[in-house]
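The next block holds one structure in the form of structure tokens; read it before the comments.
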Amino acid sequence: MANPILNYYLKIAKAANRYLWSENAVKERPFHIKYLFVIFLVIIATFIKLYFYKTIGGQTPFLLYFGVIILSAGFGGIIPAIFATVLSALVACYFFLPPYRQIKIDNPDIAQVFVFVGESLFLIALSGAVTRANRIVKNANERFKSLIENIHDAIFVIDPNGKILYVSPTIEKLLGYDKRQFKVLELSTIIDKDHVAELRKKYVDMIKTDGKSFTLQCKVLNKNGEWVWVDGTFANLLNHPSVRGVVCNFRNITERVFLEKQKDDFISIATHELKTPVTSIKAYAQILLKRFNKEGNDSAANMIAKMDGQLNKLISLIGDLLDVTKIEGGRLQLHEEFYEFNALIKELVEELQRTTDDHKIIMNLADELKIYGDRERVGQVFTNLISNAIKYSPSSGDIVITASGGGENVTVCVKDSGVGISGGNQSKVFERFYRVSGPENQTFPGLGLGLYISQEIIKRQGGKIWVESEKDKGSTFCFQLPIDYRLHLKNNKENK
Ligand code: ADP
């Protein structure tokens, strides 16, 4: 019961505060209205006091006039409030201080009048401070409001159950819904279903930790039924005293996504077009190599062998670019089978050892294991990790490969003692096109795709890949794969 009454009074107080003590309203009020208001209040107060003379008129001559002064200061500002003080003092002297119905300067109670005037001036100063404080709060609110209303992002605040508590008007520019329509929407109904599960999972995770945030790029249905790509950021400010909600920021990235798709399409078409001529050049090079070898033309055979080596590099680059477009388009296919894991490692090590005289590749393998997965793709990951270990150890050294199987997984590590990766860059090396920058790194050729592709291949087979490294001391890249990733994925589904 207490709360509704309290709320009711608070509402009245807020409305009064908006009406009084508002600098603009005070300025706009006509001069005569301000003074008429003062006179009106003094008359009302005097009538009330005369009517209830015994209780509030005789014993407390200045009571009620303080109220007159406070209201006059709020309504008209300082000068009308001083006018109200003088008028109230005179009226109170006349009616309620002996000798009654006359104003005398030598009145023995004149000290009371001075105290009243002093206290009134104090109240007027206080009222001025309230007006200034109101102005500061209003300015701050207005600045915040215009910032929110003029940015391109849409901002909204939701409670832990997903109920929208606040939404910025910019939502209309972004999605076409006005504030009222958006507030009653269930977010999960307008987010594309491929992303809803991810959003839920990240959201549940986030609200467990104070201050935690996450981003998610997803498609959202606008009012016209079209998909808009947004970059959504969600921050847990549930315990922030002035927010008490999850703050969400939506940025329209439809154009960026469209341009990225165009770029991916271009890379896909260009690499497809490159692949055919390069493959036939390689075939001709191999025919020529055989012919020159047969004829005993060593110098020509040598040149063709070098050309073949360069063609292999080109084919591998084209392959990487094609894989990226497949990953981006969700078209990376796996060809699963049971295969012998150690045999695969040995085969690749033998091949890669032939490419370097400066490095020694050492294997520490556990017992042979049969693994279910894509042999060729896992081989691609090995090749990438070992080639990187060779490439990024320019001053030679051993490359140690350890493979250990235990329980349902197998773990493989490729350790080198090369240039290493500093802490801040370690998580980024798995991003698409990411290459550690720095003068020493510019000498190593590459596109920054190998680890990105490797990570996708491993993830698709239910595994994980990571790096431990120290700058200038070397790196250890490891990955873990389930022995049969079908069982792993099934178990994961059941646990969910
Ligand atoms: P690329 O080698 O073609 O640049 P990758 O995706 O294979 O692309 O590697 C990404 C980046 O990670 C490299 O540019 C390099 O800076 C860093 N990196 C990868 N492997 C190693 C390694 N063994 N030692 C040091 N840095 C490495």
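Filtering segment 20-39 to residues that are part of a helix (DSSP H, G or I) and among the hydrophobic types (A, V, I, L, M, F, W, C) leaves A25, V26, F31, I33, L36, F37, V38, I39. Among the residues of segment 430-444, the ones that are within 20 Å of S316 (Cβ to Cβ) and out of contact with any helix residue (DSSP H, G or I) (no Cβ under 8 Å at 6 or more places or on another chain) come to 2 in all.
Residues checked against (1) among the basic types (K, R); (2) more than 8 Å from the ligand (Cβ to nearest atom); (3) surrounded by fewer than 20 Cβ atoms within 10 Å (Cβ to Cβ):
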{"position": "V378", "(1), (2), (3)": "no, yes, no"}
{"position": "A389", "(1), (2), (3)": "no, no, no"}
{"position": "S393", "(1), (2), (3)": "no, no, no"}
{"position": "D416", "(1), (2), (3)": "no, no, no"}
{"position": "G424", "(1), (2), (3)": "no, yes, yes"}
{"position": "P445", "(1), (2), (3)": "no, no, yes"}
{"position": "Q455", "(1), (2), (3)": "no, yes, no"}
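Among the conditions (1) in contact with a Phe, Trp or Tyr (Cβ under 9 Å, 6 or more places away or on another chain); (2) near the ligand (Cβ under 6 Å from one of its atoms); (3) modelled with pLDDT under 90, the only one that F433 does not satisfy is (2). Scanning segment 395-411 for residues that are buried (at least 20 other Cβ atoms within 10 Å of the Cβ) and modelled with pLDDT of 95 or more, we see that the one that is nearest to the ligand (Cβ to nearest atom) is I399.
Per-residue answers, yes or no, for (1) in contact with a strand residue (DSSP E or B) (Cβ under 9 Å, 6 or more places away or on another chain); (2) at negative phi; (3) surrounded by 15 or more Cβ atoms within 10 Å (Cβ to Cβ):
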site: R143; (1), (2), (3): no, yes, no
site: S146; (1), (2), (3): no, yes, no
site: I151; (1), (2), (3): no, yes, no
site: I158; (1), (2), (3): yes, yes, yes
site: L174; (1), (2), (3): yes, yes, yes
site: K183; (1), (2), (3): yes, yes, yes
site: I191; (1), (2), (3): yes, yes, yes
site: E198; (1), (2), (3): yes, yes, no
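Hey, could you check segment 183-232 for residues that are under 18 Å from the mean Cα position of the chain (by Cα) and aromatic (F, W, Y) and say which is farthest from F250 (Cα to Cα)? Result: Y203. Inspection of segment 99-119 finds a residue satisfying the criterion of being part of a helix (DSSP H, G or I), within 54 Å of the chain's Cα centre (by Cα) and in contact (Cβ under 8 Å) with a residue 24 or more places away in the chain. Among the residues of segment 53-62, none qualifies, meaning not one is of a type in the set (D, E, K, R) and crowded, with 20+ Cβ neighbours inside 10 Å.
Among residues of segment 240-253 that are under 19 Å from K219 (Cα atoms), those with a beta-carbon under 9 Å from a residue that is in a loop (DSSP other than H, G, I, E, B) and among the charged types (D, E, K, R) at least six positions away or on a different chain give the pairs N249/D153; F250/D153; R251/D153; N252/D153.
The values are calculated or read from the model by the stated rules, or taken from the named source; none is laboratory data. Values in this document were obtained by computation on a predicted structure and should not be read as measured data. Please note: Cβ atoms are built from the backbone with ideal geometry, for glycine as well, and neighbour counts cover all protein chains shown.
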